[in-house]
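Chemist: Can you keep this structure in mind? I'll have questions shortly.
The values are calculated or read from the model by the stated rules, or taken from the named source; none is laboratory data. In this text, all values refer to a predicted model and were calculated from it rather than measured experimentally. Positions of Cβ are generated from backbone atoms using ideal geometry, with glycine treated the same way; all protein chains shown enter the neighbour counts. Only protein heavy atoms, including side chains, enter the accessible area calculation; ligands, DNA and RNA are left aside. Shrake-Rupley method; radii C 1.70, N 1.55, O 1.52, S 1.80 Å.
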Amino acid sequence: MLSFQLFAQTKKPNIIWLTTEDMSYHIGAFGCTEVKTPNLDRLATEGTKFMNVFSTAGVCAPSRAALVTGKYQTSFGAHNMRTFMGKEYEEKTGLPSYGVVLPVGLKPYPLVLRENGYFTSNNSKEDYQFTNSEAMWDESNSKATWRNRKDKNQPFFSIFNFMTTHESQVFVREKESLLVDPKDVIIPPYLPDNEIVRKDFARFMTNVQLMDAQIGEIIKQLKEDGLYENTYIFFFSDHGDGLPFCKRELLHRGLKVPLIIKFPEGKNAGKMDKRLISFVDMAPTLLSLANIPIPNFIEGQAFLGKQTPKNQRKYIFAARDRMDAEYERVRAVSDGRFEYLKNYQPEKPYYQNITYRLQQKSMIEILRLRDAGQLNSQQMHWFKPNKPKEELYDTEKDPYQFVNLAENPEYKAKLEELRIQHQLWFKKYGDMGEIPEKQMLSQMWNGQSKPPTTEKPEMTLKNNVLKVNCPTPGAFIAHRKKGQTSWQPYIGKLILNPNEKLEIIARRIGYAPSEIIQFGE
């Protein structure tokens, strides 16, 4: 029988991530009175609420790239939204659809977990800006669940991602009945308050309630399996609200998300944690809880587990780059209260005419009112023809971020502090946003016009021990028994039974895979 080495044999906990899309603090336990979220409220009561958690972008794919790697998307070329483009955006940008080539040594956390004995499942969105290696997940599809592991004693990491609150669901579910009355929603002052806008907000809030019910179903399954009490359960959103002038923005409303963690055995129940946390901290925290050494390529830091450093995070960083076919470059630094924005293209307006969001009726209505001259000064802020090179906001006194303090002498010290932090972040991690995308792609592909192909694996067999190597630096090797569909990660060596037949493949993520090698024929 085929076997392979497992690292870090210490006992490992089960971990679940319940992730939703495009949602800020719309949970009763976080103070929202517009929606009913009994399942998340209960999870918060039995767990800990984290109150200062920030994504690394105001949009999904770049944020997910940071989540799955523990690296800022700007440091390895995953910053543009998005890389896998449809023909419409290919024609507008002059770029091909592509997957980011991961730097040599960078390994997404699901692969690290599998190499260390975990069963990993993803149900079902990936959207990491790159194509997975064959052995990244045990399962990644709409039916993936911890329940499908063959050995019920094997530790698992499972993601369930709920599209229900996604921006698109505001218009896709437009004709469905509402659970929230449009009269009860709170419209922020940067948007007009009328029937059309209220209906979209009520639709979004209704979707939040539907998502909460889906969360309840997963929790029910965990309890049925006797796993609820002894499993780490994370709940968070991939960035802020999917509503106009929220999603895609680097303002706090585009970046700040709710995070709830329920600990095994009821530990830390009912607590509130105000530490500053970035999405690049999620991968190292996951590995820290799983008792797996945090790799050197990680740019975040653990906030739970034995590998949590003594020095807490003082700043979070975020980036905005190409959105579909619209080019922009903005960088953000926040200490949790004050936020600094560096606009690298100040000649451009804040607003981008992104085709995708024009499917929301409220977005069309806002543009109609703009053209009719019926928006007030706060609502017209989004449509200013240009912007300052630097912005500074006190989000405690000015939560909607209307008052730019960058030229206020009373805040000169804070401006300088956050400006320096941006410069240090840039120097430490690099920023591939300063490279034209076509040039970046050429560098990733070694000057070729398409992704290179991963070289064929090389094998040596001695005393029933098979060793496999791939000449392509950064390639991941996977193997499976002949006739099976699921690939396993290769970890150093394979111990074979006589006459065992295998298939072996190699892929550097971002390259085309090697040919499949047949062994034992």
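Chemist: Scan the stretch 426-449 and report the pairs whose first residue is at negative phi and whose second residue is surrounded by fewer than 11 Cβ atoms within 10 Å (Cβ to Cβ) and assigned to a loop (DSSP other than H, G, I, E, B), with Cβ atoms within less than 8 Å and a gap of 6+ or a chain change.
Modeler: So the pair list comes out as K438/G94.
Chemist: Report yes if some residue within the stretch 306-313 is touching a Lys or Arg at 6+ places or on another chain (Cβ under 7 Å), open to solvent by 30 Å² or more (accessible area, probe 1.4 Å) and not in a loop (DSSP other than H, G, I, E, B); otherwise report no.
Modeler: For the stretch 306-313, residues touching a Lys or Arg at 6+ places or on another chain (Cβ under 7 Å), open to solvent by 30 Å² or more (accessible area, probe 1.4 Å) and not in a loop (DSSP other than H, G, I, E, B): absent.
Chemist: Please list, ordered by first then second residue, the pairs with beta carbon atoms under 9 Å, 6 or more apart or interchain, first in the stretch 201-229 and in a loop (DSSP other than H, G, I, E, B), second buried (at least 19 other Cβ atoms within 10 Å of the Cβ) and aliphatic (A, V, I, L, M).
Modeler: L227/I16
Chemist: Another one. Assess whether L113 counts as being surrounded by 15 or more Cβ atoms within 10 Å (Cβ to Cβ), over 18 Å from the mean Cα position of the chain (by Cα) and among the aliphatic types (A, V, I, L, M).
Modeler: So L113 fails the test.
Chemist: Scanning for something in a loop (DSSP other than H, G, I, E, B), without any contact (Cβ under 8 Å) to a residue 60 or more places away in the chain and hydrophobic (A, V, I, L, M, F, W, C), does the stretch 158-177 turn up at least one residue?
Modeler: No, there is no match, as no residue in the stretch 158-177 is in a loop (DSSP other than H, G, I, E, B), without any contact (Cβ under 8 Å) to a residue 60 or more places away in the chain and hydrophobic (A, V, I, L, M, F, W, C).
Chemist: Among the residues of the stretch 256-271, is any surrounded by 20 or more Cβ atoms within 10 Å (Cβ to Cβ), within 24 Å of P62 (Cβ to Cβ) and in contact with a His (Cβ under 6 Å, 6 or more places away or on another chain)?
Modeler: Among the residues of the stretch 256-271, not one is surrounded by 20 or more Cβ atoms within 10 Å (Cβ to Cβ), within 24 Å of P62 (Cβ to Cβ) and in contact with a His (Cβ under 6 Å, 6 or more places away or on another chain), which makes the answer no.
Chemist: How about the stretch 213-235: which of its residues are among the aliphatic types (A, V, I, L, M) and open to solvent by 10 Å² or more (accessible area, probe 1.4 Å)?
Modeler: A213, I218, I219, L227
Chemist: Please go through the stretch 418-441 and pick out each residue that is open to solvent by less than 80 Å² (accessible area, probe 1.4 Å) and among the aliphatic types (A, V, I, L, M).
Modeler: L418, I420, M432, I435, M440, L441
Chemist: Check the stretch 350-364 and report whether any residue there is in contact with a Leu (Cβ under 6 Å, 6 or more places away or on another chain), open to solvent by less than 50 Å² (accessible area, probe 1.4 Å) and not hydroxyl-bearing (S, T, Y).
Modeler: No, there is no match, as no residue in the stretch 350-364 is in contact with a Leu (Cβ under 6 Å, 6 or more places away or on another chain), open to solvent by less than 50 Å² (accessible area, probe 1.4 Å) and not hydroxyl-bearing (S, T, Y).
Chemist: How about the stretch 141-153: which of its residues are open to solvent by 40 Å² or more (accessible area, probe 1.4 Å) and small (G, A, S)?
Modeler: If the condition is that a residue be open to solvent by 40 Å² or more (accessible area, probe 1.4 Å) and small (G, A, S), then S142 is the only one that fits.
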